[in-house]
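The values are calculated or read from the model by the stated rules, or taken from the named source; none is laboratory data. Owing to the predicted nature of the structure, the values given are computational and were not obtained by experimental measurement. Please note: Cβ atoms are built from the backbone with ideal geometry, for glycine as well, and neighbour counts cover all protein chains shown. Each accessible area value is taken on the protein alone, full model and side chains, heavy atoms only, with ligands, DNA and RNA left out. Shrake-Rupley method; radii C 1.70, N 1.55, O 1.52, S 1.80 Å.
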Amino acid sequence: MKTVTEPARETSVIHETDILVIGSGPGGLSAALAAARTGVEVTLVERFGCFGGNITAVGVEGFAWYRHEETVEAGGIGAEFEERAREMGAAVPESQSLSYELDSEGFKLVADRLVEEGGIRAMLHRQCVAPVMDGNAIAGAIVESKAGREAILAKRVIDATGDADIATRAGAPVFKTPVEEMQAASVMFHLAGVDKKAFMEGIRSDPQTYGDWSGGGEWVIETSGKEDAMFSPYLGKPFEQAIKDGLIPAHLNTIAGTWGAMHDTGELTYMNLIHLDGCDGTDPDSMTRFEIEGRRQAMLAIEALRRYTPGCSGARLRNFGMTIGIRDTRKIDAVYNMTEDDTRNQGRFEDSIGIYPEFIDGYGVLILPTTGRYMHIPYRVMLPKTVDNLLVAGRSIGGDRIAHAATRNMSCCAVTGQGAGIAAAVSVKTGRPLDGIDIALVQGELDRQGVRYR
């Protein structure tokens, strides 16, 4: 491979802060809010022009679609996302659960308001490209933008990039799922022009269940059995018919999935129908190819809905998500990596920073939390090895495949984000390293912020 030699340069330090949070998805946004609420100075860096990550940039509106009567949750900032969205008219009841679907556009305003109220230094439109290192300790990050190359220095850094980008570049050991085993990526889209009455009558006349997820195409889903007869907003039959009629090529039997909310305005949102195997979310060439392919498949799906789904004859594309949705790339090799046994058998830990219901969704497994069972999320899953002053929040925390199928979900990212933000703040305030903080102080602040961790 040819190389070029870049000249040495001095990079201006544009800002110094107590805590630097990189990435503003559910994990990063929660981390920044939680840290700011302890009274430390917080800076939040985001590559896009809005906060919210998968909620806003990708268009994943089902934040807690697993929730049922017996579900036990941590509360905290994740619950606040739903509450504030509902108050601001940016949420509607979710179709398959006791939760609220967050409007992907309206939540941009919700996140803006939360960041402003928290006194957080917001830095949108900046891409973090390298850590600033002082030996084994991270001391900030280099960002690039229309303003050029700049440095931000911080006492503690939280990597909430979703792909462990900062941890990786700082030299922390990480695991990366082989591309052929990664959970599929998705291009989300939303529709307009749907006849709500006709669509809902069609759903009621032929209700689908989670058991139907294994009924066609290439999908095979393992459940606990109790999910099989529960209602699911699943769409599969229109695409099976489209393949039979030659509208969709036979090899695209991956087109199937769920719809989110059917609005009175004729908008059918959060169409989670396009599943792209082989997309590597750490490879920009792969992401480019699959962004284009995903949009192509979405238009095939829309045509199938027009022809074979009640109420959809006049449907049209309203919008795509701003970027492809990635479920699976790197995870850190943490001080402790959660296991399948922890996830399936209610793992308990003395250093818990939040609980999470027994919800598994990924790698062909679907378990819904309908029995009151839950696990602890230990602080150590956010601690990378070999790099000081760094925590990792969100879907790249340490864990095996099945653990990741649980903790990758946005509501759990909010749990780890809030825990990371509080831990980083406690570390700054007490002057103790992240791997030596008093977990009792962290849990005391979790109590104050309304988080259940036992």
With a probe of 1.4 Å, find how much accessible area region 53-144 has per residue, and write the answer as a whole number in Å².
-> 39 Å²
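Net charge near TYR336: determine it from the other residues with C-beta under 9 Å of the C-beta of TYR336, scoring Lys and Arg +1 and Asp and Glu -1. Let's see the in-between values first.
Values: positive: ARG380; negative: ASP351.
Surrounding charge for TYR336 is 0.
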Multiply the residue gap between LEU247 and ARG348 by 0.36 nm, knock off their C-alpha separation, and tell me the result in nm, one decimal place.
-> 31.3 nm
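Counting only protein chains, not ligands or nucleic acids, how are ASP361, ASP277, ASP212 ordered by accessible area (probe 1.4 Å), most first? Present the calculation step by step, with values, prior to reporting the outcome.
Details: ASP361 30, ASP277 85, ASP212 50 Å².
Ranked from most to least accessible, the order is ASP277, ASP212, ASP361.
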In whole Å, what is the distance between the alpha-carbon centres of region 339-414 and region 95-135?
-> 21 Å
Would you check the accessible area of TYR379, probe 1.4 Å, heavy atoms only, in square angstrom rounded to 10?
-> 10 Å²
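Hey, what number do you get for the chain at 222 nm if only DSSP H runs of n ≥ 4 count, each worth -39500 (n - 2.57), divided across all residues, to the nearest 500?
When only DSSP H runs of four or more count, the value is -8500 deg cm²/dmol.
Counting only heavy atoms of protein chains, what accessible area per residue, in Å², does region 256-304 have with a probe of 1.4 Å? Walk me through the numbers on the way to the answer.
On the way: 1780 Å² over 49 residues.
Using a 1.4 Å probe on heavy atoms only, each residue of region 256-304 averages 36 Å².
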Round to the nearest 10 and report in Å² the accessible area of THR3, as given by a 1.4 Å probe over the protein chains' heavy atoms.
-> 120 Å²
FRET efficiency for GLU117 and VAL13, Cβ-Cβ distance as r, R0 = 30 Å, nearest 0.05?
-> 0.65
Hey, got the dipole for region 35-85? About the Cα centre, +1 on K and R Cβ, -1 on D and E Cβ, debye to the nearest 20?
-> 240 debye
Using the alpha-carbon atoms, what tilt in degrees (0 to 90, nearest 10) does helix 284-308 show relative to the longest principal axis of the chain?
-> 30 degrees
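Quick one: pull the percent of accessible area on the chain belonging to carbon and sulfur, 1.4 Å probe, ligands and nucleic acids left out.
Working: 8620 of 17760 Å².
On the chain, the fraction of accessible area on carbon and sulfur atoms equals 49 percent.
Please report, in cubic angstrom per residue, the volume enclosed by the convex hull of the alpha-carbon atoms of the chain. Mind showing how you got there, number by number?
Details: hull volume 64.0 nm³, N = 454.
Cα-based convex hull of the chain, divided per residue, equals 141 Å³.
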Using only alpha carbons, build the gyration tensor for region 328-454 and give me the equivalent ellipsoid semi-axes, biggest first, whole Å.
-> 24, 16, 11
Treating the angle as unsigned and between 0 and 90°, give the value, to the nearest 10°, between the Cα long axis of helix 106-117 and the longest Cα principal axis of the chain.
-> 20 degrees
Length-normalised contact order of region 1-87 in % [C-alpha pairs under 8 Å, at least 6 apart] | 25 percent
Computed over region 171-250, Cα set: Rg, Dmax in Å = 17.2, 56
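May I ask for the net charge around ASP165, where only other residues with Cβ less than 14 Å from the Cβ of ASP165 are counted and Lys, Arg are +1 while Asp, Glu are -1?
On the way: positive: ARG47, ARG126, ARG169, LYS176, ARG330, LYS331, ARG395; negative: GLU46, GLU144, ASP159, ASP163, ASP280, ASP283.
It works out to a net charge of +1.
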May I ask you to evaluate 6.51 cos²θ - 1.76 cosθ + 1.60, the Karplus curve with θ = phi - 60°, for each residue of region 395-402 and list the ³J(HN,Hα) values in order in whole Hz, giving x for glycine and proline?
-> 6, 9, 5, x, x, 7, 4, 6
Report the normalised scattering of region 271-342 as log10 I(q)/I(0) at q = 0.11, 0.17, 0.23 Å⁻¹, calculated by the Debye formula with identical scatterers on the alpha carbons.
-> -0.43, -0.75, -1.03
With every protein chain present, what is the per residue accessible area of region 354-454 (1.4 Å probe, Å²)?
-> 27 Å²
Rg to Rh quotient for region 75-205, alpha carbon positions, Kirkwood Rh = 1.07
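Using 0.36 nm per residue of separation minus the Cα-Cα distance, give me the extension gain between ASP333 and THR371 in nm, one decimal.
Details: separation 38, 0.36 × 38 = 13.68 nm, distance 3.13 nm.
Here the segment from ASP333 to THR371 would lengthen by 10.6 nm.
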Whether region 191-325 is rounded, prolate or oblate, judged on the alpha carbon gyration tensor where a/c under 1.5 counts as rounded | oblate
Accessible area of LYS429, 1.4 Å probe, to the nearest 10 Å²?
-> 120 Å²
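What dipole magnitude, in Debye to the nearest 20, does region 235-297 give about its Cα centre under +1 on Lys/Arg Cβ and -1 on Asp/Glu Cβ? Before the final figure, lay out the partial values.
Details: 5 positive and 10 negative charges, 51 e Å.
Around 240 debye, computed over region 235-297.
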Pairs of Cα atoms under 8 Å, at least six residues apart: use those to get the relative contact order of region 55-128, whole percent.
-> 35 percent
Once the Cα atoms of helix 196-205 and of the chain are each reduced to a long axis, what angle between those two axes, in degrees from 0 to 90 to the nearest 10, is obtained?
-> 80 degrees
Relative contact order [Cα under 8 Å, 6+ residues apart], the chain, whole percent | 22 percent
